[in-house]
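Chemist: Just dropping this structure here.
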Amino acid sequence: MDSKFVIYNTRSRKKETFQPINEGLVGMYVCGPTVYGDAHLGHARPAITFDILFRYLKHLEYKVRYVRNITDVGHLVNDGDEGEDKIAKKAKLDALEPMEVVQQYTNSYHKNMNDLNVLPPSIEPTATGHIIEQIAVVKQLIDNGYAYESQGSVYFDVRKYAADHNYGELSGRKIEDMLVNTRTLDGQGEKRFGLDFALWKNAQPEHIMKWPSPWGMGFPGWHTECTAMSAKYLGKRFDIHGGGMDLMFPHHEAEMAQAKACYGHDNVNYWMHNNMVTINGQKMGKSLGNFITLDQLFEGTHELLEQAYDPMTIRFFILQAHYRSPLDFSNTALQAAEKGYQRLMQAIQNIDSLTPSKQSTVDIKGLQDKCYEAINDDLNTPILIAHLFEGVKTINLIKEGNQKATEEDIQQLKDLFQNMAINILGLRDCVEGDQQADVLSGVMDLLLEIRAEAKANKDWGTSDKIRDQLKEAGLAIKDTKDGAEWHLL
Ligand code: ZN
């Protein structure tokens with residue numbers, strides 16, 4: 001396939017034309033959530049960013065294997081090698097089995113993702129489900145001379161790695177600068193060098209999540225899981241690895257180093273990172289009182305919110321910024337996004353009622369080219385949306401009779417909006433009223449079926465009851481020779 005699709009590669013720090021390793025199957029890995037609490041705004045952005053990528057690759061007719069993991073062990077509260085496991089801490093706090101915590105927050109994450117119309121990945125592996133694979137990675141690193149055991153834990157030897165490769169290649173950091181920010185001094189504790197990171201951690205007897213290993217009872221380090229699971233499902237070299245910018249260091253830098261130390265080569269062709277979200281200009285944080293969960297956002301139950309916001313408003317708002325730009329949430333910005341989204345959806349509905357002319361004064365093909373140019377340019381969704389609004393203007397002008405469109409133009413417009421807004425941007429193509437109408441029609445089909453069965457069984461009591469009570473509710477049933485019809489009174 002001759003690709004015009006260009007993506008920004010964090011490693012090379014420039015835009016590169018996307019060329020898959022294997023035309024038959026594109027491999028894509030994205031770091032998923034650590035499931036110890038409700039999903040929040042910070043989870044929505046990477047999920048939606050890489051959902052657009054997944055949808056667009058499929059639109060380009062690639063077969064895609066999208067792996068997004070669930071971290072359910074090994075992520076410590078301070079993101080480093082010391083302190084409690086996030087899941088274990090929450091389990092203790094709520095007097096739950098750790099896997100109960102994992103299940104509860106995995107379920108709520110899935111529900112929120114479904115609300116946001118984020119497609120499920122092809123595979124969603126968990127860290128606890130891949131302990132054997134992680135132990136194998138750690139063993140390989142020891143065998144290759146890039147890791148060492150120390151008091152039942154295993155650490156990655158950053159000095160050894162840095163002698164052969166570039167530690168800091170992905171994040172652009174220098175070892176000297178990184179050392180300034182590390183608390184562990186050389187020769188202190190279990191590590192030989194302050195920047196060494198845990199591949200496997202020895203578990204204290206009171207630790208509740210632990211497994212047997214060649215180094216005793218313990219649990220995997222946070223970075224090990226992604227190296228093990230991406231290799232298992234996508235191979236030792238795959239196309240795209242994504243995640244939030246906050247994961248670039250240490251998590252992705254460590255992943256890159258582990259893979260190079262294991263295989264002698266990079267395992268990822270394109271590294272992609274989405275920028276962060278802020279709220280009213282501030283970083284999101286529990287201590288700042290601006291930590292808004294997705295449920296609170298959808299229900300309008302956080303004190304910073306003036307109203308509830310539909311998940312599609314959130315999705316549309318996130319897409320109005322380029323994924324590599326920062327994005328600030330505020331009530332004003334969300335309310336503007338809500339209006340914009342509704343205008344777009346209304347215009348899509350209006351396409352069906354346009355009257356075709358014999359002549360044409362519009363250039364739909366030109367508009368389509370501009371839309372593709374935008375999405376091909378490193379998923380530039382804000383520019384794509386701007387072009388779609390040009391289309392909205394055109395639709396309204398045709399509707400008012402101020403522009404002329406042929407039947408073919410109208411069909412092209414319909415296809416364009418279906419592809420760009422619905423399939424690629426993943427915006428749901430119905431407004432609330434439509435959804436309710438769909439539900440009502442489903443319920444009425446069911447009631448008419450029950451009534452038909454009752455009649456077939458000569459159960460006149462039930463059949464009359466359904467008819468009479470529906471009439472009270474404002475719905476009339478009319479018997480026809482093919483069954484029954486209904487309409488609002
Ligand atoms: Zn990861």
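Chemist: Which GluC sites (Glu not before Pro) does region 400-489 hold that lie in a coil by DSSP with at most 14 other beta carbons within 10 Å?
Modeler: Sparse-neighbourhood loop GluC sites (Glu not before Pro): E400.
Chemist: If you wrap a convex hull around the alpha carbons of the chain, what volume per residue comes out, as a whole number of Å³? Provide the component values of the computation, followed by the final result.
Modeler: Numbers: hull volume 104.1 nm³, N = 489.
So the per-residue Cα hull volume is 213 Å³.
Chemist: Another question, if that's okay. Would you list which lysines come within 16 Å of K92, measuring only between C-alpha atoms, while excluding same-chain residues fewer than 8 positions from it?
Modeler: Straight-distance partners of K92: K210.
Chemist: In square nanometres, what is one fourth of the surface area of the convex hull spanned by the alpha carbons of region 69-140?
Modeler: Mean shadow area of the hull around the Cα atoms is 6.2 nm².
Chemist: Next question. Counting only the heavy atoms of the protein chains, how much of T49 is accessible to a 1.4 Å probe, in Å² to the nearest 10?
Modeler: 10
Chemist: Pick out, in residue order, every one of the GluC sites (Glu not before Pro) in region 79-128 that is DSSP loop and has at most 14 other C-beta atoms within 10 Å; say none if there are none.
Modeler: E82, E84
Chemist: Moving on. Using the structure shown, list the pairs from K14/K201; K89/K191; K393/K471 with a Cα-Cα distance above 32 Å, or answer none.
Modeler: Violating the 32 Å limit, Cα to Cα: K14/K201; K393/K471.
Chemist: How much of the calculated P(r) for region 343-489 lies past 19 Å, in percent of all Cα pairs?
Modeler: 63
Chemist: Would you mind telling me the antiparallel percentage of the DSSP bridges in the chain, rounded to 5?
Modeler: Bridges in the chain are about 55 percent antiparallel.
Chemist: Counting only protein heavy atoms and a 1.4 Å probe, tell me what percentage of the chain's accessible area is made up of carbon and sulfur.
Modeler: 49
Chemist: How far is the Cα center of region 1-57 from the Cα center of region 67-107, in Å?
Modeler: If we compute the Cα centre of each part, the gap is 25 Å.
Chemist: Can I ask one more? Just tell me which lysines come within less than 17 Å, Cα to Cα, of K478; anything on the same chain fewer than 8 places away is out.
Modeler: The reachable lysines, counting only those whose Cα sits under 17 Å from K478, are K455, K465.
Chemist: Hey, got the Cα dimensions of region 432-488 along the principal axes, in Å, largest first?
Modeler: 39, 22, 16
Chemist: Taking the solvent-accessible surface of protein heavy atoms with a 1.4 Å probe, what is the per residue accessible area of region 278-424 in Å²?
Modeler: On a per-residue basis, 48 Å².
Chemist: Take the alpha-carbon positions of region 1-123, form their convex hull, and give its projected area averaged over all directions (one quarter of the hull surface) in nm².
Modeler: Over every viewing direction, the Cα hull of region 1-123 projects on average to 9.1 nm².
Chemist: On to the next question. Are there trypsin sites (Lys or Arg not before Pro) in region 383-489 that DSSP puts in a loop and that have at most 13 other Cβ atoms within 10 Å, and which ones?
Modeler: Answer in residue order: K458, K481.
Chemist: List the aspartates and glutamates whose alpha-carbon lies under 14 Å from that of K58, not counting same-chain residues fewer than 8 positions away?
Modeler: Within the straight-line cut-off, K58 pairs with E23.
Chemist: Please name which of M113, M256, H387 has its Cα lying farthest along the dipole of the chain towards the positive end, using unit charges on Cβ (Lys, Arg +1; Asp, Glu -1) and the Cα centre as origin.
Modeler: So the residue furthest toward the plus end is M256.
Chemist: Which of K90/K160; K63/K86; K111/K399; K111/K283 have a Cα-Cα distance over 30 Å? Numbers along the way, then the final one.
Modeler: Working: K90/K160 36 Å; K63/K86 35 Å; K111/K399 38 Å; K111/K283 25 Å.
Violating the 30 Å limit, Cα to Cα: K90/K160; K63/K86; K111/K399.
Chemist: What residues have an amide H closer than 5 Å to that of G242, excluding those fewer than 5 places away on the same chain, when H is modeled at 1.01 Å from N in the peptide plane?
Modeler: Long-range HN contacts for G242: Y29, V30, C31, M272.
Chemist: Helix-only estimate, please: 222 nm mean residue ellipticity of the chain, summing -39500 (n - 2.57) across DSSP H runs of length 4 or more and dividing by its residues, to the nearest 500.
Modeler: Result for the chain: -13500 deg cm²/dmol, rounded to the nearest 500.
Chemist: Still on this model: Please report the antiparallel percentage of the DSSP beta bridges confined to region 17-125, to the nearest 5.
Modeler: On the way: 1 of 8 bridges.
Around 10 percent antiparallel, to the nearest 5.
Chemist: With a 1.4 Å probe and all protein chains left in place, how much accessible area per residue does region 432-488 have, in Å²?
Modeler: 75
The values are calculated or read from the model by the stated rules, or taken from the named source; none is laboratory data. Owing to the predicted nature of the structure, the values given are computational and were not obtained by experimental measurement. Glycine gets a Cβ as well: all are built from the backbone with ideal geometry, and neighbour counts include every protein chain shown. The protein model used for the area step is the full one, side chains on, heavy atoms only, and it has no ligands, DNA or RNA in it. Shrake-Rupley method; radii C 1.70, N 1.55, O 1.52, S 1.80 Å.
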